[in-house]
1. Helix 144-156 versus the longest principal axis of the chain: what angle, 0 to 90°, nearest 10, using Cα atoms?
2. Arrange the following residues from fewest to most other Cβ atoms within 10 Å of their Cβ: SER114, SER81, SER72, SER50.
3. Taking neighbour Cβ counts within 10 Å as the exposure measure, how do GLU106, GLU15 sort from fewest upward?
4. Where both partners of a DSSP beta bridge lie in the stretch 3-168, what percent of those bridges are antiparallel, to the nearest 5?
5. What ranking do HIS115, HIS126, HIS75 get, fewest neighbouring Cβ atoms within 10 angstrom at the top?
6. Roughly what angle does helix 3-20 make with the longest principal axis of the chain, taking Cα atoms, 0 to 90 degrees, to the nearest 10?
7. Compare ALA89, ALA128, ALA137 in a GNM of the chain, Cα atoms joined below 10 Å, and give the one with the largest fluctuation.
8. What would the Debye equation give as log₁₀ I(q)/I(0) for the chain at q = 0.09, 0.17, 0.18 Å⁻¹, counting only Cα atoms as equal point scatterers?
Amino acid sequence: MTLFERNAIYYAAMELVHKYVTRNPFVICTNLGIHVYERNDFEKIKGMYSVGNRRRNIFVNGNMLEEEKWMSCGHELGHDSYPRHRKLARKCPMKDTSFFIRNTTEYEANLFASHILLDEDTILTHAAEGLELDQMAAIMNVYRELLLIKLEDMNQRGYPVRAAYIPETNFWKRA
Ligand SMILES: [Zn+2]
């Protein structure tokens, strides 16, 4: 992924956050006209994105923790934001049983979700405070994998934040 593409993804997500003055992906989806449903009958599926009959739908597993629902909704919103993903979803609903699968499509959805959910100033503050990766993830209510994706991206865009966290983890890499 080029720096140009990274920046474009970042600004697209930030535009939504600023326009709707929220990082709540459910609120953003509603504003975008995406139909969001919580499904209590989902077991392995954490989230799903489908497109059909001019409707864009997101289904979130209703049995998860609140912060997991936000991550799930953010991830599916990520799929919605890439034209290529929408095209894929038109052919077949995208079902996510695990978000951290190593392929470009899933990486892109996570990257977008990380921008929606995670504030960079807060990350920089926590990094300056010397917080461990897991502490930071816990405070920010996300899985460490999502935080690592965000940190790696910030690093690529010129914030030297990821380096401090590399030794602790086998960080997730995109394919
Ligand atoms: Zn996905």
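1. Rounded to the nearest ten degrees, it is 70.
2. Placing the least packed residue first, the sequence is SER50, SER81, SER72, SER114.
3. GLU15, GLU106
4. Taking every DSSP beta bridge within the stretch 3-168, about 65 percent pair in antiparallel fashion.
5. HIS126, HIS115, HIS75
6. The angle comes out near 70 degrees.
7. The residue with the greatest mean-square fluctuation here is ALA128.
8. -0.29, -1.06, -1.18
Only the coordinates and a few stated rules stand behind these numbers; no lab work does. No experiment lies behind these values; they were computed from the predicted model shown. Every residue, glycine among them, receives a Cβ derived from its backbone with ideal geometry; neighbour counts consider all protein chains shown.
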